[in-house]
Amino acid sequence: MKIACVCAMGLGSSLILRMTVETALKQLHMKDVEVEVVDTSTARGSQADIIVSSHSFCEQLSDMGVAMIEVVNYTDANYIKEQLQKILSAQ
Amino acid sequence: MDLMMNILTSLISQAAVLVALMSFIGLIAQKAPFERVMTGTLKTFLGFLVMSQGGTIITGMLNPLNEIMMEAFHIQGVIPVNEAISAIAAEQFGTQMALIAFFGLILNMILARITRFKYIFLSGHHTIFMGALTSVMLSALGLEPVVVVVIGTIIVGVLSVITPAISMPFMRKVTGGDTIAMGHWATTSYVVAGFAGKLLGGDPETTSTEKLEFPKWMSFFREPVLLMGIGVFLVTVISCIFAGAPFVAKYAGDTNMVVWAFIQGFTFSAGVTVILTGVRMILAELVPAFKGIAEKIVPDAIPALDCPTVFTFAPNAVLVGFFAYTIGQLIAFFIFLQLGMTVIVPTLLHSFFMGGTAAVFGNATGGKRGAFFGALIAGILNNILCSMLFPVFGSLGFSGTTFADTDFSIIGLLIYSIGKMFGLA
């Protein structure tokens, strides 16, 4: 599985998201998940299974047809954990 | 034995190797498995080389643009982009930059541990940029490399805990809590925007920007690298028209002037994209390692994050800020022309990041009017400071680009003024 953390430049915010997602994955005991940091333009070609980003970027990428997690607080691992569980149980 | 020493000293004097070594230490400290240590270290090495190449693309593109601007308007125009100037500075000052960034991170942890400023500065790209600024400015004073690294480290380490503390009262209003701090070195302009919102704005609750509705096409403004290309294209094409086709032909050859300008504009974006890829590779291992170690050393640490992390708290304010900051930059532009200062070319990239953040701060203290005036004043202030720093910076042989954010300009000017006081500059 591949999770893409997206922000405008793919430098700061998305890297923070990656660390939060990795914390959540650890709590869920999920291994073999690739978490990558990308900017909005690259995100389209990333072939990710799940996109984690802010509302505006999720909206912009909504036509990709992949599962999305919209965050408000970039460091809230519990929220991402809950959302991941929801997505995984729906699959 | 001599050969060994030769290989070793050659390796250590390479900035790319130094940065890779830092990742290596970080990965080992986190007890990463062997293959992660190897790939992570080599990727950081590759990232530094990629970053430098991006700098070369930008310089190659800026040189003709500078000549054309000079011919057209007899002015020196400067496009301030941190990524560009740092990548260019890395060619000459890479080693000092890397060491300052590394020791700056360590000093950040120590200060967070022993003082009441519990901030861990996680915008690693800004740490690298501040390493670039301090190594250039301090070296220009004629200081020994060791002294440059020591003073640079102190500046980076202290700023890493002080600037989040300064903006924290406003950050509490923005995020409604204490969980995250601002880790972005345009802090002065955000604080100014916060005060401007308080003085000039309305009630933050009832007049919040988040009660406004915006049309959807405006989401175009969320593609900063494209915005940058379009902005540089416009500057190039206007300069080309005023310089005249025969002059431009020196650079463009047979290619149509407008088409050439369009390609130039996006070549700038291409350079920045390459630099971003490089910086991303450098940060991928460094920042998580830093965070992991810092959390052990400073258990009650508050992470200081890059500016767009506050965008989610007031996305509409970001749009207001984009426009207001651009107007601010245009006002500054006319001030430069009037006073004969270095012309800082208005940059839409900064309208997005700094304008957006300034407006989020202004909105938190003064609603939509606070967002507008906060970003407007931030735009004027930032570009005037850039314009004040550039002459100092330009005299060191840098042209066409400079550091973009307020705190960099202020620190640069401070280093220069203090150096002058001691008769160094």
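Scanning region B:253-270 for residues that are within 23 Å of B:Val81 (Cβ to Cβ) and away from every other protein chain (no Cβ under 14 Å) turns up B:Trp260, B:Ala261, B:Phe262, B:Ile263, B:Gln264, B:Gly265, B:Thr267, B:Phe268.
Quick check, is A:Tyr79 under 13 Å from the mean Cα position of the chain (by Cα), surrounded by fewer than 21 Cβ atoms within 10 Å (Cβ to Cβ) and aromatic (Phe, Trp, Tyr)? The answer is yes for A:Tyr79. In a residue-by-residue description of region B:219-234, the property of being buried (at least 17 other Cβ atoms within 10 Å of the Cβ) and among the charged types (D, E, K, R) applies to at least one position.
Does any residue of region B:189-206 turn out to be among the acidic types (Asp, Glu), over 25 Å from B:Gly400 (Cβ atoms) and in a helix (DSSP H, G or I)?
So far as region B:189-206 goes, no, none of its residues is among the acidic types (Asp, Glu), over 25 Å from B:Gly400 (Cβ atoms) and in a helix (DSSP H, G or I).
May I ask you to verify whether B:Leu348 is modelled with pLDDT under 95 and either over 15 Å from the mean Cα position of the chain (by Cα) or among the aliphatic types (A, V, I, L, M) (or both)? Answer is yes for this residue.
Pull up region B:278-310, narrow it to residues that are of a type in the set (Asp, Glu) and out of contact with any helix residue (DSSP H, G or I) (no Cβ under 6 Å at 6 or more places or on another chain), then point me to the one that is nearest to the other protein chains (Cβ to nearest Cβ). For region B:278-310, the residue satisfying everything is B:Glu295. Whenever a residue of region A:1-27 is without any contact (Cβ under 8 Å) to a residue 40 or more places away in the chain and crowded, with 21+ Cβ neighbours inside 10 Å, its partners that are among the small types (Gly, Ala, Ser) and in a strand (DSSP E or B), lying with C-beta atoms within less than 8 angstrom and at least six residues away or across chains, give the pairs A:Ser14/A:Ser53. Name the single residue, out of those in region B:109-156 being small (Gly, Ala, Ser), in a helix (DSSP H, G or I) and surrounded by 24 or more Cβ atoms within 10 Å (Cβ to Cβ), that is farthest from the chain's Cα centre (by Cα). Filtering region B:109-156 for residues that are small (Gly, Ala, Ser), in a helix (DSSP H, G or I) and surrounded by 24 or more Cβ atoms within 10 Å (Cβ to Cβ), the one farthest from the chain's Cα centre (by Cα) comes out as B:Ala112.
Condition check: surrounded by fewer than 24 Cβ atoms within 10 Å (Cβ to Cβ), more than 19 Å from the chain's Cα centre (by Cα) and not acidic (Asp, Glu). Does B:Phe372 satisfy that? So B:Phe372 does not fit the description; no. When A:Tyr74 is tested against (1) more than 23 Å from A:Lys31 (Cβ to Cβ); (2) in a helix (DSSP H, G or I), only condition (2) is not met. Only one entry in B:Asn316, B:Asn363 is more than 24 Å from B:Leu65 (Cβ to Cβ), surrounded by fewer than 24 Cβ atoms within 10 Å (Cβ to Cβ) and of a type in the set (S, T, N, Q), namely B:Asn316. When the residues of region A:31-71 are filtered to those that are assigned to a strand (DSSP E or B) and touching a helix residue (DSSP H, G or I) at 6+ places or on another chain (Cβ under 6 Å), the one that is farthest from A:Ala4 (Cα to Cα) is A:Glu70.
For region B:248-276, what are the residues that are under 19 Å from the mean Cα position of the chain (by Cα) and either surrounded by fewer than 20 Cβ atoms within 10 Å (Cβ to Cβ) or at positive phi (or both)? Matches in region B:248-276: B:Ala270 only. When residues in region A:1-21 are screened for being out of contact with any strand residue (DSSP E or B) (no Cβ under 6 Å at 6 or more places or on another chain) and assigned to a helix (DSSP H, G or I), 2 of them pass. Scanning region B:1-55 for residues that are of a type in the set (Val, Ile, Thr) and farther than 27 Å from B:Val146 by Cα yields B:Val37, B:Thr39. The residues on offer are A:Val21, A:Val6, A:Val37, and the sole one that is within 18 Å of B:Gln30 (Cα to Cα) and either within 8 Å of chain B (Cβ to nearest Cβ) or aliphatic (A, V, I, L, M) (or both) is A:Val21.
The values are calculated or read from the model by the stated rules, or taken from the named source; none is laboratory data. As the structure is a prediction and not an experimental result, all values here were calculated from the model. Neighbour counts run over all protein chains shown; Cβ positions are idealised from the backbone, glycine included.
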